[in-house]
Structure formats: structure tokens, C-alpha cells
1. Against the condition farther than 18 Å from Ile53 by Cα and crowded, with 18+ Cβ neighbours inside 10 Å, how does Gly199 come out, does it pass?
2. Looking at (1) surrounded by 19 or more Cβ atoms within 10 Å (Cβ to Cβ); (2) within 29 Å of Lys95 (Cα to Cα), can you tell me which one Leu215 breaks?
3. Being within 21 Å of Arg252 (Cα to Cα) and either touching a Gly at 6+ places or on another chain (Cβ under 6 Å) or polar (S, T, N, Q) (or both) is the requirement here; does Thr221 meet it?
4. Please indicate, with yes or no, whether at least one residue in region 146-155 is more than 22 Å from the chain's Cα centre (by Cα), of a type in the set (A, V, I, L, M) and at pLDDT below 85.
5. When you look at Ile42, is it at pLDDT below 90, assigned to a helix (DSSP H, G or I), of a type in the set (Val, Ile, Thr) and buried (at least 17 other Cβ atoms within 10 Å of the Cβ), yes or no?
6. Do we find that Leu28 is part of a helix (DSSP H, G or I) and under 23 Å from Phe73 (Cβ atoms) in this structure?
7. Only one of these conditions is not met by Phe213: (1) assigned to a helix (DSSP H, G or I); (2) among the aromatic types (Phe, Trp, Tyr); (3) modelled with pLDDT under 90. Which number is it?
8. Given (1) farther than 30 Å from Val98 by Cβ; (2) open to solvent by 40 Å² or more (accessible area, probe 1.4 Å); (3) at pLDDT 95 or above, identify the lone condition not met by Met174.
Amino acid sequence: MKLIRYIGKTTITKIFNSKICIFFFVFLIYAWSFERPYLHFISEKGYHISWCIFPFCMTSYSILSFFYFGVIFINSDVPFMQQTNMYHVIRMGRKQWVLGQIGGILIRSVFLTVISIIVSVLPVIGHIEFSNNWGKVIYTLASSRHMEKFYMENDVEFIFPYEALQDFNPLELMGLVLLLCILILTFLGIAMFMLSLFGGKLWAVLGGFFIVFLLFFVENTPGYNRITIARFVPVYWLELALSSTPSSGYYRMPSVTYMLIFLILSILAISLVICRKINRIELNWENEDV
């Protein structure tokens, strides 16, 4: 019970801070930019668009990279050595304190995911269709004839793959992407936490950038080799809406079951390393804000 209360307290500091506000303000402006062609289309036609937009936004390399860089910026408060945490360690002990930080990273990942999903629909909020069907707009844009014409006339950042509409309904796709996003952000956050304990804040940030850079590496690997490499690059898996769309005749990512098992086991393994490491290092407290 004491640990749960502490996770709640540390989550507040991880969520309500200036870095979170900056990220979502910038992400909202960016969302208005990359959704403008679709907003113009549905405004002119008088149509409504499905609320399930976020999974398709994440199929864009530029949007996905921006999203992850924002997450790294938010997680740059590792290794949580702010002065106020010193008293928490004294009162709770190192192991309870570090478990509280890991729990806070998990809850912050949930918060980041949910708010990002909300931000993704704000630009088209007056034209949203709340149903478990893809609706006329997305089906029209996903059909080859209309899609080619629309994309040639507009500078779009993301598309609506027709194969995803065939394999998922909006609730299924959003539910899977929501779960994957939470686990991926948790994985990224605690990986940075672990690196910070071994090498400091700079190594944590550099490690985060390296993990995201692997996304670029996968994107530029052709054919069958892409899925082989993608099995070990979790940040790529948020492009789930493209999982049924072949690339050079090959599918591009592993099964959802594999992704979930890999992420859960990785999070548990990294958490174990952190718990073992925390008892062997000297804690150097910093006089700075979260």
C-alpha cells in the first residue's frame, strides 16, 4: 500500500510538469499541420471521419520520429536524482524508491499515449464520426483510384492502408496500438533509466536517440530482411496499421503476440537490472526541478 501511494505521488511529478506541456503544445501544432489536407477534404465534402486516426498517423516515419523525440525529451529527467527524491529514498529505501520510479514511468506512458490519441483528433474534432465502422471518408481515401489522385494533389504525411481496413475495425486497431504504445513508451523510458544509472543522463539521452535511430534503419531495409530486423526494434511496431501491407512482397513486422511478449519480458528484465544496480551505486542528488 505504501508503494502504491508513492507511485501515485511520483506520477504527479512525472505528468504535471513543463516538459509535458511543451510536448503536447508542439504536437498539437504539428497535428494541425499534417492533418490539414484531410480537414480540407472533409470540410469541402461535408463528410465525417472516423475517430481512429492515431494508428494511421503513426505509419508516417516523420510523425513517428517526432513523437519519439518528444518522449525522449520528457524522459530526460532520468535518473530522477532531483533533491526532493533524496528524502523519499531515506524514508522508503532504495528498492521501494526505484520501484516507485518504474511505476511512475509506466503510468506516465499511459498518460502520454492517451493524450496523444486525443490530440490526434483535435484538428478534426467538429467532423468526427463515433462508430466502429471506418466510414465513407477513409474507405474512399483508401481505395486506389481516389487515393492516388488525392495524394498527388496534396502534401500528406500519412495514408490509410486499405489492408488495415480489411483486417481491423476501429476498436481493434486502436486497442492494439494503445497497448503497444504504452508498452513501447514504458520500454523506452525504463531503458533510459537503466542507462542513466550506468553512465549518467547524457548516456540515457544518447541511448534513447540510438533506439529511435533504429527506426530509420528498419525503414530503409528492403524485402525480407526488414521483418528480420524489425523483430528486435520495438519502436517500429507502432506502425501496426501497415502490418498487413506488404513491402517488396514481404510483410514488414512480427505478430502482435510476439510484440507483446517481447515488450513485457524486456520491461521485466530491464526492471530487474535496475533493481540490482540501484544498490551498488552512489546517488548524487541534483538541485534542479523535474
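The values are calculated or read from the model by the stated rules, or taken from the named source; none is laboratory data. Because the structure is predicted, anything quoted here is derived from the model rather than measured. Positions of Cβ are backbone-derived with ideal geometry, glycine not excepted, and every protein chain shown enters the neighbour counts. Surface accessibility is based on the protein's heavy atoms, side chains included, excluding ligands, DNA and RNA. Shrake-Rupley method; radii C 1.70, N 1.55, O 1.52, S 1.80 Å.
1. So Gly199 fails the test.
2. Of (1) surrounded by 19 or more Cβ atoms within 10 Å (Cβ to Cβ); (2) within 29 Å of Lys95 (Cα to Cα), only one is false for Leu215: (2).
3. When the stated conditions are applied, Thr221 passes them.
4. yes
5. Taking the combined requirement at face value, the residue satisfies it.
6. yes
7. (3)
8. (2)
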